[in-house]
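Everything on this sheet refers to the single structure shown next.
The values are calculated or read from the model by the stated rules, or taken from the named source; none is laboratory data. The structure displayed is predicted, hence computed values, not measured ones. Using ideal geometry, Cβ is built from the backbone for each residue, glycine included, and neighbour counts are taken over all protein chains shown.
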Amino acid sequence: MTQRRKRSSPKWPIVVLLLLLAAILACLFLGRWQLRIDLPGGAETTVEFGQEQPDPGAKAVFGEERFLPVLFSPKVRTEGAADTRQLGDYTIRYHADFLWFSADARRLIHVVDRTSPVITLRQIPGAYTLPGAAYEEEGFSAVDEADGDLTSLVERRESDGVVYYRVADHSGNVAQAQRQIVYDDPVAPILTLAGGSELTLDYGTAYVEPGYTAMDNADGDLTAFVIVSGAVDPETPGVYELRYTVEDGWHNRTEAVRTVIVERKPAGTVYLTFDDGPSKHTETLLEILDKYDVKVTFFVVNYGYNDVIGKEFAAGHSVGVHSATHDYHTIYASEEAYFEDLQAMNDIIYKQTGQYADIIRFPGGSSNTISSFNPGIMTRLTQAVVERGYQYFDWNVSSEDAGGTTDPDEVYQNVIDGISRRQTSVVLMHDSKGYTVEAVERILIWCLDNGYELRPLTKDSPAAHHGVSN
Ligand code: ZN
């Protein structure tokens, strides 16, 4: 007993002392041990709309701060989540347990929109705006990540050929865009000439501009800006060109030309006819006629200058039958006698020209009374010649050169007096008379100066019939 006591008695205070010491140490250390939750990135964070994994998460830590920083990492439970497709504030709760320790933490997440909308401008290929015209919007759209379609909120402003577009999303983020307006005018003005592009003006009549208009797709009425160049001289027959030019504001140029023809209307038609040739004067006459390029008619006889008939014909004059003999008593003795004489002359003509004549002039004219020794002969002949396919010609102007006068001045005067009184003149002259041929050049000049047309007779020409007296 004593022994056991002696053996044990000195040990137990030490154990107690050691236990006491351990308890003091444990209290010292354990009081410093703890469970905590770390939040990387902090307890409050802001993320962009649509961002993935907005929550950086949390970590639980158990240990002693100074000596044993991490003893163990318990699992963290998370409550709540941030919806980044929805703007707003979200609270996430974290919780961890270990033994009798537990820890809580929370984090605030702001989901925000800091991204601007996007404006897209539509551009129609080849589109243009006429200068001075309003720009026709080609189209645009605005889309925001957070707010969706913002097209209806786009503000548009046009200034100095530039269109400015601006839109703000609900978070106040602003987008801007601009476009340069393409101005163009590929279309030239249209010039319209009233009265047409060709006009005929009577000689001596003043030219009065019939007018014109110029219309432009962009500039409208440009008539006042048309420049007319060229001039018409109504006193000089000819062809004139008037040039009309106009330019629009884009320098598109249009030109039009009007042709004005100043024409001399004939004052009348003159058929100069020469009977009783060819003679020694006829070649002179042909030269004069050729000089003025005038064609006349020869009613020929068989007086020894038959070769001149061919020259008359070759020069473009008309050749008709007058008579082979020009002997009244022979030719008007009977119809047979008349036609025999006519045929004889026409055969000569055929020989000279290669053609028979179908125009004739009766010696003395159809109204002659010298044939009255054979009553009614002219009545019968005027019918008979037509039946045989001829046309006979009388005259309505006489030069009076077969008995009335031998003076060239009087011949000239008689002819122009007669011509000036009528529209159509069939003039009787004789190329067998030298004084008549002398008067011809002046007659031609007078006719041409006064606007008369000189023509040779054909079967269809005005016949100037007198009316038969026998
Ligand atoms: Zn005659």
### Query
In segment 387-396, which residues are within 60 Å of the chain's Cα centre (by Cα) and more than 16 Å from the ligand (Cβ to nearest atom)?
Gly389, Tyr390, Gln391, Asn396
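Being surrounded by 15 or more Cβ atoms within 10 Å (Cβ to Cβ) and among the β-branched types (Val, Ile, Thr) narrows it down to one residue among Val182, Val228, Val187, Val167; which is it?
Val167
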### Query
Within segment 243-263, can one find any residue that is touching a Phe, Trp or Tyr at 6+ places or on another chain (Cβ under 6 Å), farther than 23 Å from Glu453 by Cβ and surrounded by fewer than 19 Cβ atoms within 10 Å (Cβ to Cβ)?
yes
### Message
If I go through segment 330-359 residue by residue, how many of them are in contact (Cβ under 8 Å) with a residue 40 or more places away in the chain, surrounded by fewer than 20 Cβ atoms within 10 Å (Cβ to Cβ) and either within 20 Å of Gln391 (Cβ to Cβ) or under 60 Å from the mean Cα position of the chain (by Cα) (or both)?
### Response
7
### Message
Suppose we keep only residues that are touching a Phe, Trp or Tyr at 6+ places or on another chain (Cβ under 6 Å) and either at positive phi or away from the ligand (no atom under 16 Å from the Cβ) (or both) within segment 267-302. Which one would you say is modelled with the highest pLDDT?
### Response
Val270
### Query
Are there any pairs with C-beta distances below 6 angstrom linking a residue in segment 171-185 that is under 19 Å from Ala142 (Cα atoms) to a residue that is surrounded by fewer than 16 Cβ atoms within 10 Å (Cβ to Cβ) and hydrophobic (A, V, I, L, M, F, W, C), with the two at least 6 apart or on different chains, and if so which?
Ala177/Leu121; Gln178/Val162; Arg179/Leu121; Gln180/Val162
### Task
Go through segment 420-462 residue by residue and tally those that are small (Gly, Ala, Ser) and under 54 Å from the mean Cα position of the chain (by Cα).
4
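Can you spot a residue in segment 403-414 that is crowded, with 17+ Cβ neighbours inside 10 Å, away from the ligand (no atom under 15 Å from the Cβ), hydroxyl-bearing (Ser, Thr, Tyr) and farther than 19 Å from Val270 by Cα?
Yes: one or more hits.
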### Query
Would segment 373-392 turn up any residue that is surrounded by 14 or more Cβ atoms within 10 Å (Cβ to Cβ) and more than 27 Å from Tyr356 (Cβ to Cβ)?
no
### Query
Counting only residues that are in contact with a Ser or Thr (Cβ under 8 Å, 6 or more places away or on another chain) and of a type in the set (D, E, K, R), how many does segment 170-199 have?
2
### Message
Being farther than 30 Å from Asp293 by Cβ and away from the ligand (no atom under 13 Å from the Cβ) narrows it down to one residue among Ala344, Ala324; which is it?
### Response
Ala344
### Lone unmet requirement of (1) touching a residue at least 40 places away in the same chain (Cβ under 8 Å); (2) over 22 Å from Val386 (Cα atoms); (3) more than 16 Å from the ligand (Cβ to nearest atom) for Ala314
(1)
### Query
So how many residues does segment 366-377 have that are assigned to a loop (DSSP other than H, G, I, E, B) and within 14 Å of the ligand (Cβ to nearest atom)?
3
### Query
Got at least one residue in segment 398-410 being over 60 Å from the mean Cα position of the chain (by Cα), on the phi > 0 side of the Ramachandran plot and in a loop (DSSP other than H, G, I, E, B)?
yes
